[in-house]
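Each remark here refers to the structure printed beneath this line.
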Amino acid sequence: MMWAAITPLAAQDLMDPLMVTASRVSEKESDAPYSTEYLTAEYLRDNGRRTLPEALQYTPGVLVQKTAHGHGSPFIRGFTGRQNLLLVDGIRINNSTWRGGPVQYWNTVDPLSIDHIELIRSQGSVLYGSDAAGGTLNAFTKTPDFRNRPDGAFYQGGMGFYEYRSNGQGSHIGRVEAEGGIGGSFGILLGASVKEFGDIEDSAIGRMQGTGYPEQDFDLKAQWALSADSTLTFASYYINQDDVSRWHRTIYNPGWTHGSHVTAPGKYTANTYDQERSMTYLRYEGENPVSGAFIQRWSATLSYQSTRDSEFQNRNPDADDVRYADIDIDTIGVDVQFESPLGPGALVYGFDFYHDEVDSSGIRTDAARSTFRESLPIADDSNYDLLGVFSQYTWNPFEPLEVTVGGRYTHAHAKLGRFYDATTGAIETDESEDWDAVVGSIRGLYRVNPCWSIFGGVSQAFRAPNLDDLSGNKTAKSGTNSLGSVDVDPEYFLTFETGVRHTTETTSLQAAVFYTDVNDLITGVDFDNNGDGVVDGSVTTNAAEAYSYGVELEGAWRFHPQWTVSGFAAWQDGREKSPVVLGGPLDERPMTRSYPLTGSVALRWSDPGEKYWVEGRVLAAAREDRITAADQASDDQRIPTGGTPAYVVASLRAGWTVNEHLDLIAGIENITDEDYRNHGSGQNEPGIGGILSARISW
């Protein structure tokens, strides 16, 4: 983000960093005709960001909802889960099993392996395809440094990192990295992270038993210089999380009372997730040194991902009511991109293709809890294909104005093997669906002067129904059944945005307003099978039309060589029109998880030699009461009566670079021990706690 520039300035100007996600080519942040954020690894460490979703907590327009301490699903401009696109090194992480509403998969990216993060809000689907509606986040992992080493010289080095968090039972986080290679020719980087998160506690509930969990992460990246202008990259990543508890559903959740705001206690004996994911890719990329060559730059990537998502539920503390679900996904991806000069501008074009192979299994006890029966969480023996062809052209019609026009064709194909049909209530087989779409965008950037610019435009987004939309059979909210339907059609989004940006060597400012209109929104609508007035679950339909709008402001000012003040303020609202009960009349109500007025201010001091720094921060959010009685009733363990209370939280951090090999950071979070939770989350945030970290490099 722009005000992440409070970290010490390095080789890249962090007041105006280089980004690639907005346009698929390298450009300064100030040249992007989009609302953008840029977060460095140093920013994540200085601010004690525990997970990838938590890294976005100080980002305007992003509500970081956490169903559990091991989960996290950012709401970007009102949208979450499968309506936001997550990339790692430009490779699509979203797959066809992602469900509606908050998902846990953003937490399966190790932040300790990240070099920097780029977030583009409301970019649409032109460059990256289906799902990129609310925003696109690209996490760039660390890369060997062989290109910056003397040619032919062997080099080696490494880093050890340890962090302790005192809150609750304590947490221990460690990482080791080793790097070596030959300057100008080859480099390899190996990393391993081990995390033992303890149960967190706050001043109202006390210890939230079961919120801790273990995690192990491994990563490898090797690069070869095939020529002075081309590189071959092989990378592999693995993450494993065990026994991640959905604490809000369990008997260890006693409920929460905060003034007149009350949440219900949990009922399940246990509800845990195991998450395991790996990604491996091979990439060839380069640049043609010949001026005026038709293909100036290129990149070709072949990737393979394997994901296993397992859930265990014991729903009754007095008698066994057990459910187990397992989903295995293998994904093959191909991404090819070219950049060519064309007439007065530059053209970026290419194609991408992703193929999912999905196996699922599940069992649950019958009504008498005497035998088990099959309960598929999603269509078994299924596959899903997503093909896209894209192009984007950027040129200057006249000197102060830059115009970017793009388009994408998408074809999606779903083949369902065995699945639970919400209409018939039986296991069905062999269903196929196909969808095609063309979306476009036009954006502009007008440079008023070297410091000020105005940006904006119109972007479309398209999201084809995935396997979960079509065949999901899962538990949602506080325990209701959430079912898919083979009758759903694609969603379409149209976003209008305009903003202003100011950038100098000591200041940065960005303000934007947006409006997003949604047609055929896929949403879950409650159904009552026997007419007794009790909701039996929800089923996906295209019964909704919706809109979302908001305003975002952020900035940083280095008003003295040693002092920087930074902060943000943002607010978002939206409405959805859909039936409350399947077959009922349309009802207009607030979109789920509306973003309350939220802001943060940070003041940072660093000594002239950048050996020491101290930073204080205040984060505040207004009460969020734009909820309906039906939403609150169906999700009463996460959403308090009367809405989520307002809060003000303060933190203090300090760093000391002891020498070139050792630096230390200490911090106190939630200094006033505020009792609070992020809107829609299944737990309270930690109370007062200390964080100590040390990094040794060699």
Revision key, fill the gap. For the range 657-674, Karplus-derived ³J(HN,Hα) couplings (6.51, -1.76, 1.60; θ = phi - 60°; whole Hz; x for glycine and proline) come out as 8, 5, 7, 5, 10, 9, 9, 10, 9, 10, x, 10, 9, 6, 4, 8, 6, 5
Review point. Of the peptides 601-613, 274-286, how do they stack up when ordered by the mean number of other Cβ atoms within 10 Å, highest first?
Key: 274-286, 601-613
Review point. So which trypsin sites (Lys or Arg not before Pro) in the range 104-158 are both in a DSSP loop and have at most 11 other Cβ atoms within 10 Å of their Cβ?
Key: none
Check your understanding: For the chain, what relative contact order do you get, as a whole percent, if you take Cα pairs closer than 8 Å and at least 6 residues apart?
Key -> 12
**Study point:** Cα-based convex hull, the range 227-278, per residue volume (Å³, whole number)
**Key:** 120
Review point. What is the set of long-range amide H partners of Gln65 at a cut-off below 5 Å, with H atoms built 1.01 Å from backbone N?
Key: Ser73, Phe75
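Using a 10 Å cut-off around each Cβ, can you sort Val525, Val500 from fewest to most neighbouring Cβ atoms?
Val500, Val525
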Point to revise | Eligible lysines near Lys477 by straight Cα distance, threshold 18 Å, same-chain separation 8 or greater | key: Lys66, Lys267
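For the range 423-494, how big is Rg over Rh, using alpha carbon atoms and the Kirkwood form of Rh?
1.26
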Revision key, fill the gap. Quotient of Cα radius of gyration and Kirkwood radius for the range 261-389, i.e. Rg/Rh, equals 1.27
Point to revise | Semi-axis lengths (Å, descending) of the ellipsoid that matches the C-alpha gyration tensor of the range 590-693 | key: 37, 13, 10
Check your understanding: Taking 0.36 nm per intervening residue step and subtracting the Cα-Cα distance, what contour gain separates Lys28 from Glu399 on full extension?
Key -> 131.8 nm
Point to revise | Spin-label model distance (nm) - Asp517 vs Asp385, 7 Å beyond Cα toward Cβ | key: 3.4
Practice item. Using only Cα atoms, figure out Rg for the range 74-175 and give it as a multiple of 2.2 N^0.38 Å. Key: 1.39
Check your understanding: Mind ordering 95-105, 485-495, 426-436, 155-165 by average Cβ neighbours within 10 Å, highest first?
Key -> 95-105, 485-495, 155-165, 426-436
Review point. Over the range 596-698, what relative contact order in percent results from Cα pairs under 8 Å that are six or more residues apart?
Key: 23
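Kirkwood Rh, Cα Rg: Rg to Rh for the chain?
For the chain, the value is 0.95.
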Practice item. Work out from phi, with θ = phi - 60° and the Karplus expression 6.51 cos²θ - 1.76 cosθ + 1.60, the ³J(HN,Hα) of each residue of the range 267-276, listed in order in whole Hz, and give x for Gly and Pro. Key: 10, 7, 5, 7, 8, 10, 10, 10, 10, 9
Review point. What does the helix-only formula give at 222 nm for the chain: each DSSP H stretch with n ≥ 4 adding -39500 (n - 2.57), the total divided by the residues, and the result rounded to the nearest 500 deg cm²/dmol?
Key: -500 deg cm²/dmol
Check your understanding: D for the range 152-287, whole µm²/s, Stokes-Einstein with Kirkwood Rh over alpha-carbon pairs at 10 °C and 1.306 mPa s: what number?
Key -> 87
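What percent does the relative contact order of the range 261-389 come to when contacts are Cα pairs within less than 8 Å and at least six residues apart?
21
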Revision key, fill the gap. Whole-Hz Karplus couplings 3J(HN,Hα) for the range 385-392, θ = phi - 60° and coefficients 6.51, -1.76, 1.60, Gly and Pro as x, run 10, 9, 10, x, 10, 9, 7, 8
Review point. Taking neighbour counts of Cβ atoms within 10 Å as a proxy for exposure, in what order, fewest first, do Ser203, Ser382, Ser634 appear?
Key: Ser203, Ser634, Ser382
Revision key, fill the gap. Stokes-Einstein, Kirkwood over Cα pairs, the range 315-371, 25 °C, 0.890 mPa s; D in µm²/s equals 151
**Study point:** Likely footprinting exposure, Tyr34, Tyr547, fewest C-beta neighbours within 10 Å first
**Key:** Tyr547, Tyr34
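Values quoted throughout were computed directly from the atomic coordinates according to the rules given, and no laboratory measurement underlies them. Treat the numbers as computed from the prediction; the structure is a model and nothing was measured. No Cβ is skipped: glycine too gets one built from the backbone with ideal geometry, and neighbour counts run over all protein chains shown.
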